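The values are calculated or read from the model by the stated rules, or taken from the named source; none is laboratory data. These numbers come from a predicted model, not from an experiment. No Cβ is skipped: glycine too gets one built from the backbone with ideal geometry, and neighbour counts run over all protein chains shown.
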Ligand SMILES: [Zn+2]
């Protein structure tokens, strides 16, 4: 049961900017896809 709660508490990995799915390789604290992060970095 604890495992189910753990997965339910995970935030959806979607870019907050464009809504694109964020690749699992990104760190959990990132909320933007590579494309949108590139715009900020530039
Ligand atoms: Zn994006």
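Is there a residue in the stretch 19-34 that is more than 11 Å from the chain's Cα centre (by Cα), within 9 Å of the ligand (Cβ to nearest atom) and either in a loop (DSSP other than H, G, I, E, B) or at pLDDT 70 or above (or both)? Break it down stepwise before answering.
Step one: filter the stretch 19-34 for residues more than 11 Å from the chain's Cα centre (by Cα), giving none.
Checked the stretch 19-34: no residue is more than 11 Å from the chain's Cα centre (by Cα), within 9 Å of the ligand (Cβ to nearest atom) and either in a loop (DSSP other than H, G, I, E, B) or at pLDDT 70 or above (or both).
Those residues that are more than 8 Å from the ligand (Cβ to nearest atom) and either at positive phi or modelled with pLDDT of 80 or more (or both), I need them from the stretch 2-15; list them, please. Before you say what the answer is, go through the steps one by one.
In the first step, residues of the stretch 2-15 are kept if they are more than 8 Å from the ligand (Cβ to nearest atom); the result is 2-14.
Passing the criteria: only 14.
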